[in-house]
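Okay, structure first, notes after.
The values are calculated or read from the model by the stated rules, or taken from the named source; none is laboratory data. Here the structure is a predicted model, which means the values were calculated and not measured. Every residue, glycine as well, gets a Cβ built from its backbone with ideal geometry; the counts of neighbours run over all protein chains shown.
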Amino acid sequence: MRYLKNVLYFIGLPVLLVVMWWALTLGPTNFFVPKPLVLAQTFWDVWVGERFWTDFVPSIQRLVIGLVATIVLGVIFGVLIGSFRWLRSFTEPMLEFFRAIPPPVLVPLLMLLVGINDQMKIIVIVSGAIWPVLLNTIEGVRAVDPVLSDTSKTYKITGFPRLRYLVLPGASPQIMTGVRQSTSIALILMVISEMFGSSSGLGFTIVLFQRGFAIPEMWSGIVVLGLVGIALSLISQFIERRVLRWYNGLKEVQHDG
Amino acid sequence: MKKSILIGIATLSVITLSACGASGMPAPAESGGAAAPTAITVGVIPIVDTAPIWLGNEQGFFAEEGLDLTVQVTTGGAAAVPGVVSGDYAFAFGNLVSVMVARDAGLDLRYVANGNSTAGTPDFGAIIVRGDSPITSASDLAGKTVSVNNLQNIGDTTIRQVVEDDGGDSSTIQFVEVAFPDAEAAVENSQVDAAWILAPFLNSAVANGARVISYNFAEFDADLDIAGYFTSGETIMNDPELVTKFQTAMNRSLEYAQANPDEVRRIVTTYTSMTADQLQTMVLPAFRVNFNIPAATKLGAAAVKFGTIKTAPDLTVMLP
């Protein structure tokens, strides 16, 4: 019963919106406004078949590689910078500087330096998506419980065991927050990286449809992006729940007490 | 529970309002009143190709027809189309393939005046390769990576035809999008094998050692018209007087520009960042009043052949 209610909540608003959209576009509409039935048909025609392999899969591959690189690099550098006060003071101004650069302006430069290839697109994703993971990791590492930190020092837990059993778990709630933010940024940058110097991918296809005035096809690509966004959020929620099970449990106990 | 419904309704109404904003688009009814000049906005790309309209505006050709012209800078023909459809732009500048594609998709766009045409050989647009590239002719481009500014447009359509005419298999060319300002560097760093590039970037590329493989417009057809000024079929039906006035002023501007290349070179420095030195050595496009129908027919046929559009355009409707 509760499960059913949750499902209804989940699909309630989308269904309502689609019905309203359908009702509003019953009459003659502007060329650029899509109609739900046409869009559904187009969605099927465009994305089920060859295009799934030539555009959708390469995009998702780049996105996944970019995200994994983002998380790995963000956590490694975040732990390093968060662990040493001098390194933090040393790197902070630079981090703020690079963080403020919008990755799309780097695309032409990266095209020159790296080339018109997948690496360029992955670098664009990483260069923009790394900041939430990196900064949250730094904060998470800094904020490790001092009592636990002192305790582990007393027990001479240092080096890798300290990282494995104290620092990373202690920072993991913050790291996961960063990962969730990075995921949506990575999706946006995946699209942007494909808008220049590309010949495959979701962003490329959407721009191509837009320029060819294939308006329903263009909207169908945007729907695909939205669905990918939902899928990513569900996956990251699932992972977060597993990784942070101890943390959520702890919070519940604290609330009960 | 009640609260969540309220929030839902609020969200819906916002979405509804924005949807109305997108679709509600009454075209401003421009009366051909004799006294006050009619204000019109024309969307153009700030490149050498559009010099005539800037010149004509400066020379007062549009004012003499009772038009108060505002030249609005856009990023490309495709970007100007929504403006024309919504009536924000009375007219816009765009290339023939862009308009063919729009017509193919069901948008009723029609040209009212010519814009610019190929200058012959040498031309203002070309396919370039690195100085030491093994590519020596258009047919060598088969199987290679070639950059164009926009895919499925006039660049790749004419290049494919030129390659076919030279005996190459155009279906094996891989086209990628690189903006004209970045194309020289992409060739120089071997990120693409060849690039389609327009002046003034063409001039600097050649000066830095790049080699021209083909002047693709001129080789496609020596009389090819590249672009022109278009409007919606609706405007042509509802306001023929406005269209005639614009045509008269625009045609005068084209003739003036063709007769006064030094004026063209001067005006270009006022709306682009090009310098007088750059323009001195630059090949200017040809400006003429009448469209060349055989060349446009050939372009339409090539666009169909290479899958840019589905059906050949009806040029009797599309061209003035």
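Considering only residues that are of a type in the set (S, T, N, Q) and part of a helix (DSSP H, G or I), which ones fall in segment A:1-46? If the condition is that a residue be of a type in the set (S, T, N, Q) and part of a helix (DSSP H, G or I), then A:Asn6, A:Gln41, A:Thr42 are the ones that fit.
Kindly indicate whether any position in segment B:224-242 is assigned to a loop (DSSP other than H, G, I, E, B) and in contact with a strand residue (DSSP E or B) (Cβ under 7 Å, 6 or more places away or on another chain). Checked against the condition, which is being assigned to a loop (DSSP other than H, G, I, E, B) and in contact with a strand residue (DSSP E or B) (Cβ under 7 Å, 6 or more places away or on another chain), segment B:224-242 yields at least one hit.
Just wondering, is there one or more residues in segment B:86-102 that are within 12 Å of chain A (Cβ to nearest Cβ), crowded, with 19+ Cβ neighbours inside 10 Å, over 20 Å from B:Thr248 (Cα atoms) and hydroxyl-bearing (Ser, Thr, Tyr)? Yes, the conditions are met somewhere in segment B:86-102.
Checked against (1) touching a strand residue (DSSP E or B) at 6+ places or on another chain (Cβ under 7 Å); (2) at pLDDT 90 or above, A:Ser199 passes all but condition (2). Here segment A:36-49 is the region considered, the condition is being closer than 22 Å to B:Pro82 by Cα and in contact (Cβ under 8 Å) with a residue 40 or more places away in the chain, and the residue that is surrounded by the fewest Cβ atoms within 10 Å (Cβ to Cβ) is A:Val38. Scanning segment A:197-218 for residues that are in contact with a Pro (Cβ under 7 Å, 6 or more places away or on another chain) and surrounded by 23 or more Cβ atoms within 10 Å (Cβ to Cβ) turns up just one, A:Gly201. Flag not set for B:Gly300, criterion: modelled with pLDDT under 95 and within 20 Å of B:Phe220 (Cβ to Cβ). Does A:Ser83 qualify as being more than 29 Å from A:Met120 (Cα to Cα) and without any contact (Cβ under 8 Å) to a residue 12 or more places away in the chain? Judged against the criteria, A:Ser83 is not a match. The residues on offer are A:Ser127, A:Ser152, A:Ser89, and the sole one that is small (Gly, Ala, Ser), surrounded by 14 or more Cβ atoms within 10 Å (Cβ to Cβ) and farther than 30 Å from B:Val192 by Cβ is A:Ser152.
For segment A:154-250, the helices (runs of 4 or more DSSP H) that sit wholly inside it and include 1 or more residues that are more than 14 Å from chain B (Cβ to nearest Cβ) and of a type in the set (S, T, N, Q) are A:168-193, A:215-243.
Cβ separations smaller than 6 Å between residues 6+ apart or across chains give the following pairs from segment A:231-250 residues that are in contact (Cβ under 8 Å) with a residue 40 or more places away in the chain to residues that are of a type in the set (Lys, Arg): A:Ser236/A:Arg180. Summed over segment B:122-144, the residues that are aliphatic (A, V, I, L, M), touching a strand residue (DSSP E or B) at 6+ places or on another chain (Cβ under 9 Å) and within 13 Å of B:Asp166 (Cβ to Cβ) give a count of 4. If we only count helices (runs of 4 or more DSSP H) wholly inside segment B:128-222, which ones have 1 or more residues that are surrounded by fewer than 17 Cβ atoms within 10 Å (Cβ to Cβ), within 11 Å of chain A (Cβ to nearest Cβ) and in contact (Cβ under 8 Å) with a residue 12 or more places away in the chain? Of the helices (runs of 4 or more DSSP H) lying wholly inside segment B:128-222, those with at least 1 residues that are surrounded by fewer than 17 Cβ atoms within 10 Å (Cβ to Cβ), within 11 Å of chain A (Cβ to nearest Cβ) and in contact (Cβ under 8 Å) with a residue 12 or more places away in the chain span B:180-188. Of the set (1) of a type in the set (Ser, Thr, Tyr); (2) under 17 Å from the mean Cα position of the chain (by Cα); (3) more than 27 Å from A:Val107 (Cβ to Cβ), all apply to B:Thr157 but (3).
A quick yes/no check of all residues on (1) at pLDDT 90 or above; (2) surrounded by 18 or more Cβ atoms within 10 Å (Cβ to Cβ); (3) farther than 23 Å from A:Ile206 by Cβ:
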{"residue": "A:Val57", "(1), (2), (3)": "yes, no, no"}
{"residue": "A:Gly66", "(1), (2), (3)": "yes, yes, no"}
{"residue": "A:Ala100", "(1), (2), (3)": "no, no, yes"}
{"residue": "A:Leu112", "(1), (2), (3)": "no, no, yes"}
